[in-house]
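Chemist: I have a structure I would like to understand better, so I am pasting it below and will then ask my questions one at a time.
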Amino acid sequence: MSAVRGADDGVDAVVVGAGFAGLYMLYKLRELGLSARGYEAGSGVGGTWYWNRYPGARCDSESVYYSYSFSEELQQEWEWSERYASQPEILHYLEHVADRFDLRRDIRFDTRVVAATFDEGGSCWSVRTDTGVQVRARFLISAVGCLSTPNVPALPGVENFRGPVLHTGRWPHEPVEVTSCRVGVLGTGSSGVQSIPLLAEQAEHLTVFQRTPNYSVPARNAPSDPVQSADVKANYDAIRERCRRSLGGFPFDVDPRSALSVSPEEREALYRGLWDEGGMRFVFGGFADVLTDRTANDVAADFVRARIGEVVREGATAEVLTPRDHPFGTRRPALDTRYYETYNRDDVTLVDLHRTPVEEVTAGGLRTSDTEYPLDVLVLATGFDAMTGSLLAMNIVGRDGVELRKKWSDGPRNHLGLMSAGFPNLFTITGPLSPSVFSNMPTCIEQHVDWIGDCLEHLRRNGHDLIEPTVEAEDGWVEHAARVAARTLLGAVDSWWTGANVPGKPRVVYPYVAGVGTYRKACDAAAARGYDGFVLNPSAPVRRRPQGAPA
Ligand code: FAD
Ligand code: NAP
């Protein structure tokens, strides 16, 4: 296997995106001795941490786990200043990684991939960018991110608004001055929950427009404890291994018992302990049936609801903030620092959009069905076209002129979340139907990059140029992922995990929810059996036509 012969500016692999995934993929390709070109739409590395610069942006995974494990030196050298690093610190870390491993020289910044077509004659991908570059590559590796295409709702009249309209996922690089401003925030997912307390402190007045109340758990952020950090570093190998075999990519797991098998006092004690520890421990460390049994779920949900009632002084406000329409954990819970406390401030107004929906944005504010709220700045914390938004925007065309967008018009179809039949040599890091967003993502990103790296090495050693899944394996995986999801409470709930936040998006559970460890075993087993479920070096389309192919 070598660079594509006769191609203009050919490379072995194109990697799209320079966040956590793209950077490690470029490192891996270099380690394998393959030539690579990275394309990144932003002007720098960092992905999520390059784009999401809103006040309060920080990780919800504890930083000692929300980091790379591939380099022992890196993980020993790097010191995190807080339990959950802030956006500038994570960006600085990823910039350091890019520099330490000299990755920038392979990346073209300010360059968006706008088309990628599989050339059957040349058995390679022809990739086009918005800067007019055309490059040919044997392998096309998507590292475009699960949460990188902002979801901007069509708000009537928004073009008339006199002040800035800022999406959290496209926050300006210059400081945004809001001290003497009336600020409105639309959306109370994780981005809203993180930014609202800080915007409340900075703004003259803050109005929060909430449609669906979210469950939020205290992060309990704190400066890093040097003794604990040293302990983690001394035990990193074992900790990382635990993350890899766990449910959620963290070194802790659910309590294997049913919430209903223990006394109310024992349940309360378990959740109280997890609440006091804070963060993802509460989300991933509760009883085993929290996501599969509605009554068991009520135990966790009621616990959080009671905490909201304790913090928010005004009863009516507390009730509006209290989620009752979905079970705990069926939408991504937020982690917060003084989120509910913020609603006790006199300069913060909460608007319940379920009761009084948005009618229009006016020149001077936002009008709901009963009031016009005057605003100088409108913040859209409205989330992302998650999991498939950035991938499908690349206009990927596989064998027989089949568009990935058309093939996936009823939902993603792939094998192991990694490859789709009819799209040879296209790998999707944290693709849909892999654990991805249902986990501590660096754990899953590293697993995918390692799997892809091993696969490329296998192809080289065995003289193969192409790999793609069989349609049968793909059908099996799609059915399996749906069956696993159907055992949970997730599918019945409108969320970005089910595609419900984007009008017209197919309704499926997008992440694979059987757990990081279980998933890893499936990937490892396929590789160990000589890439079972895949065809290596296929000279013609494999078996029957993929769904969505023209007749
Ligand atoms: P990204 O970081 O999204 O990088 C993808 C890059 O691809 C982007 O820079 C984008 O510009 C680029 N790109 C996309 N399309 C193209 C194209 N066509 N051409 C060129 N470039 C393109 N996960 C956790 O596990 N724990 C957390 O605590 C956590 N916190 C988060 C906080 C926020 C505010 C957000 C939005 C997400 C968070 N996530 C968290 C999820 C986070 O996205 C992942 O953890 C991780 O950063 C993803 O890395 P990535 O490289 O896969 O994708
Ligand atoms: P989100 O969870 O999708 O939340 C979007 C919010 O905007 C919801 O409250 C939604 O209300 C509201 N909204 C959307 N369109 C609206 C409209 N037209 N009118 C009124 N309200 C509207 O998005 P997010 O907060 O950006 O988070 C997305 C994901 O990114 C998170 O779940 C998480 O995985 C990741 N993230 C992580 C962190 C972290 O770990 N620190 C921080 C931020 C984000 P409805 O619910 O009613 O639709």
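The values are calculated or read from the model by the stated rules, or taken from the named source; none is laboratory data. Quick caveat: nothing in here was measured; it's all calculated off a predicted structure. Cβ: placed from backbone, ideal geometry, glycine included. Neighbour counts: every protein chain shown.
Chemist: Would you point out which residue out of G38, G22, G33, G44 is part of a loop (DSSP other than H, G, I, E, B) and in contact (Cβ under 8 Å) with a residue 24 or more places away in the chain?
Modeler: G44
Chemist: Name the single residue, out of those in the range 327-365 being away from ligand 1 (no atom under 16 Å from the Cβ) and hydrophobic (A, V, I, L, M, F, W, C), that is surrounded by the most Cβ atoms within 10 Å (Cβ to Cβ).
Modeler: First, the residues of the range 327-365 that are away from ligand 1 (no atom under 16 Å from the Cβ): 327-328, 330, 338, 340-365.
If we keep only those that are hydrophobic (A, V, I, L, M, F, W, C) as well, we get 328, 348, 350-351, 353, 358, 361, 363.
On the way: F328: 24, V348: 19, L350: 21, V351: 21, L353: 18, V358: 18, V361: 21, A363: 9.
The residue in question is F328.
Chemist: Looking at the range 84-98, is at least one residue assigned to a strand (DSSP E or B), touching a residue at least 12 places away in the same chain (Cβ under 8 Å) and not β-branched (V, I, T)? Spell out the reasoning first.
Modeler: Quick first cut of the range 84-98, residues assigned to a strand (DSSP E or B) only: 86.
Remaining after also requiring touching a residue at least 12 places away in the same chain (Cβ under 8 Å): 86.
Right, trim to not β-branched (V, I, T) and you get 86.
Yes, the range 84-98 contains at least one residue that is assigned to a strand (DSSP E or B), touching a residue at least 12 places away in the same chain (Cβ under 8 Å) and not β-branched (V, I, T).
Chemist: On to the next question. Could you pull out the residue among L366, L378 that is under 29 Å from the mean Cα position of the chain (by Cα), aliphatic (A, V, I, L, M) and modelled with pLDDT of 95 or more?
Modeler: Only one candidate passes the filter, namely L378.
Chemist: Quick one: which of R413, R507, R483 is away from ligand 2 (no atom under 16 Å from the Cβ), among the basic types (K, R) and either within 21 Å of F384 (Cβ to Cβ) or assigned to a loop (DSSP other than H, G, I, E, B) (or both)?
Modeler: None of the other options fit; the residue is R413.
Chemist: Can you tell me which residue among R313, R331 is under 27 Å from the mean Cα position of the chain (by Cα) and among the charged types (D, E, K, R)?
Modeler: R331
Chemist: Are there any pairs with C-beta distances below 8 angstrom linking a residue in the range 369-393 that is more than 11 Å from ligand 2 (Cβ to nearest atom) to a residue that is assigned to a helix (DSSP H, G or I), with the two at least 6 apart or on different chains, and if so which?
Modeler: L378/V158; L391/L404; L392/L404; L392/R405
Chemist: Here's a follow-up. Considering only residues that are surrounded by fewer than 16 Cβ atoms within 10 Å (Cβ to Cβ), part of a strand (DSSP E or B) and touching a residue at least 40 places away in the same chain (Cβ under 8 Å), which ones fall in the range 118-157?
Modeler: Across the range 118-157, the qualifying residue is only Q134.
Chemist: Same structure, new question: Quick one: in the range 495-504, of everything that is outside any helix (DSSP H, G or I) and either within 13 Å of T388 (Cβ to Cβ) or in contact (Cβ under 8 Å) with a residue 40 or more places away in the chain (or both), which residue is farthest from ligand 2 (Cβ to nearest atom)?
Modeler: Among those that are outside any helix (DSSP H, G or I) and either within 13 Å of T388 (Cβ to Cβ) or in contact (Cβ under 8 Å) with a residue 40 or more places away in the chain (or both), it is G504.
Chemist: Still on this model: Can you name the residue in the range 49-76 that is among the acidic types (D, E) and more than 9 Å from ligand 2 (Cβ to nearest atom) and, of all such residues, is surrounded by the most Cβ atoms within 10 Å (Cβ to Cβ)?
Modeler: So, considering only residues that are among the acidic types (D, E) and more than 9 Å from ligand 2 (Cβ to nearest atom), the one surrounded by the most Cβ atoms within 10 Å (Cβ to Cβ) is E62.
Chemist: Let me ask you something else. Using the structure shown, decide if R307 is surrounded by 20 or more Cβ atoms within 10 Å (Cβ to Cβ) and over 28 Å from C444 (Cα atoms).
Modeler: So R307 does not fit the description; no.
Listed here are the residues, each with its yes/no results for (1) at pLDDT below 95; (2) within 14 Å of ligand 1 (Cβ to nearest atom); (3) at positive phi; (4) buried (at least 21 other Cβ atoms within 10 Å of the Cβ).
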site: S2; (1), (2), (3), (4): yes, no, no, no
site: D8; (1), (2), (3), (4): yes, no, no, no
site: D12; (1), (2), (3), (4): no, no, no, yes
site: G44; (1), (2), (3), (4): no, yes, no, no
site: Q87; (1), (2), (3), (4): no, yes, no, yes
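Chemist: Say whether the condition of being closer than 22 Å to G248 by Cβ, of a type in the set (F, W, Y) and surrounded by 19 or more Cβ atoms within 10 Å (Cβ to Cβ) is met by at least one residue in the range 486-507.
Modeler: yes
Chemist: Just name the residue that is nearest to R53 (Cα to Cα) out of those in the range 158-175 that are within 16 Å of ligand 1 (Cβ to nearest atom) and outside any helix (DSSP H, G or I).
Modeler: Applying the filter and picking the extreme gives W171.
Chemist: Quick check, is A115 in the same structural domain as W497 (by TED's automatic domain parsing), surrounded by fewer than 22 Cβ atoms within 10 Å (Cβ to Cβ) and within 10 Å of ligand 1 (Cβ to nearest atom)?
Modeler: yes
Chemist: Please state which one of I445, I396, I452, I467 is more than 25 Å from the chain's Cα centre (by Cα) and either within 16 Å of ligand 1 (Cβ to nearest atom) or crowded, with 21+ Cβ neighbours inside 10 Å (or both).
Modeler: Among I445, I396, I452, I467, only I467 is more than 25 Å from the chain's Cα centre (by Cα) and either within 16 Å of ligand 1 (Cβ to nearest atom) or crowded, with 21+ Cβ neighbours inside 10 Å (or both).
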